[in-house]
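Engineer: Structure incoming, see below.
The values are calculated or read from the model by the stated rules, or taken from the named source; none is laboratory data. Bear in mind the structure is a predicted one, so any value in this text is a computation, not a measurement. All Cβ positions, even for glycine, are placed from backbone atoms using ideal geometry, and neighbour counts span all protein chains on display.
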Amino acid sequence: MTEPKALPWYVDVPPIRRWLREMEASGAAAEAWTKVEAWRRMVDESGVVKTSKAGRIGTITLSYPRKGNALVPPMYRMLERAIQEMAEDDDVWVVVITGEGKNFSSGGYVGSDGFYAGIDAGKTQRAEPMRRTFAEMFLAAQRALFELEKPTIVYLNGPVMGEANDIALAADIRTGHAGSDFWFSFGYSGNTAYTGCAWMLPRMIGVAKAKQLLLTAARLSGTEAYELGLLSYFYEKAEALDKTMEVAERVVSLPPVTLRLIKKEVHRLLEIGSYVSSLDITSMIEPIVQFTHDHLDAEEAIIAKRSPTVLGY
């Protein structure tokens, strides 16, 4: 008896399961499983998403360089899981995300072995399956990264395009060099800025500038991105990775509980329109760190004129 085929875990998500059922019901099972095997080869040959740790620094690398680290179908869940694993690893205090090869990411993947909402919708082009695909698959990694309590750094080793912009913008700190281009290509490819850019970009650079970039499908050089504030740190290319890791080391030298709560304060207060209400919230958060070892030792270290001992609690 032949064992039923199983989806690899990295594409075992509701949109792909629905699409697979539709393809099998229409007699196109062979075509569907050919795509699944292509996705399996992507992971076997390139890794697609790789993780590593060095001390307190966790690194996630987008790794499909043959297509500029495009958001190929396995990458969505693999990136989401990598972020979740970093969140759950108590030994990791800061997360760095970068790309392999020349690009950080060329954005959404539209190759013949891709998977996109139009396929999920089927020939009838129903809107509801598309919406579910966006919510259940295409937006999960950005959401996980934005909600990660630990500080995050994206090192833009090269250009970032389309939907991948929102992976970069969802991080806390971005580093790069003159070749760390941002291409806001949504309009160029006939898409809206649905992956987070429409919310994030106006808050980072102002409404007028955000409209300008999005409505002209603008491409900024790394230098222009730094001048605009999209890159937090700007380095010579040859030293950019080492300098990024120095930033990460600086972050892990500071009390992690304090940093996570500062990040939570910033995120939550973005949602509040009242200054007085913001003070009420932060005054309730601050007592949490007052009882930590790292806070108490930091105050003693100031008096004793020594470096504090950071233990993480």
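Engineer: What pairs come up if the first residue lies in region 16-35 and is assigned by TED's automatic domain parsing to the domain that holds Y76 and more than 16 Å from G114 (Cα to Cα), the second is among the small types (G, A, S) and outside any helix (DSSP H, G or I), and their beta carbons are under 9 Å apart, counting only those six or more places apart or on different chains?
Structural biologist: E22/A28; E22/G122; S26/G122
Engineer: Could I ask something else about it? Which of the residues spanning region 250-264 are of a type outside the set (K, R), farther than 13 Å from T175 by Cβ and touching a residue at least 24 places away in the same chain (Cβ under 8 Å)? Steps first, please.
Structural biologist: Residues of region 250-264 of a type outside the set (K, R): 251-259, 261-262.
Add one more test, that the residue is farther than 13 Å from T175 by Cβ, and what stays is 252-259, 261-262.
Correct list: V252, S253, L254, P255, P256, V257, T258, L259, L261.
Engineer: Still on this structure: Just to be sure I understand, how many residues within region 281-313 are surrounded by 13 or more Cβ atoms within 10 Å (Cβ to Cβ), of a type in the set (S, T, N, Q) and closer than 13 Å to P255 by Cβ?
Structural biologist: Matching residues across region 281-313 total 1.
Engineer: Specify which of the listed residues (A168, A225) is part of a helix (DSSP H, G or I), free of Cβ contacts under 8 Å to residues at least 60 places away in the same chain and surrounded by 22 or more Cβ atoms within 10 Å (Cβ to Cβ).
Structural biologist: Numbers: A168 fails: free of Cβ contacts under 8 Å to residues at least 60 places away in the same chain.
That would be A225, the only listed residue that is part of a helix (DSSP H, G or I), free of Cβ contacts under 8 Å to residues at least 60 places away in the same chain and surrounded by 22 or more Cβ atoms within 10 Å (Cβ to Cβ).
Engineer: Yes or no: region 199-217 includes at least one residue that is surrounded by fewer than 18 Cβ atoms within 10 Å (Cβ to Cβ), touching a helix residue (DSSP H, G or I) at 6+ places or on another chain (Cβ under 8 Å) and in a loop (DSSP other than H, G, I, E, B).
Structural biologist: no
Engineer: Shifting gears a bit: Name every residue in region 29-38 that is farther than 14 Å from R17 by Cα and either surrounded by 15 or more Cβ atoms within 10 Å (Cβ to Cβ) or in contact with a Lys or Arg (Cβ under 6 Å, 6 or more places away or on another chain) (or both), in order of residue number. Explain how you work it out, then say what you get.
Structural biologist: Within region 29-38, the first condition is being farther than 14 Å from R17 by Cα, and the residues that meet it are 30-31, 34, 37-38.
Result: A38, single match.
Engineer: Another question, then. Can you tell me which residue within region 171-184, out of those that are crowded, with 22+ Cβ neighbours inside 10 Å and touching a Gly at 6+ places or on another chain (Cβ under 7 Å), is nearest to A70 (Cα to Cα)?
Structural biologist: Per the criteria, the residue is S180.
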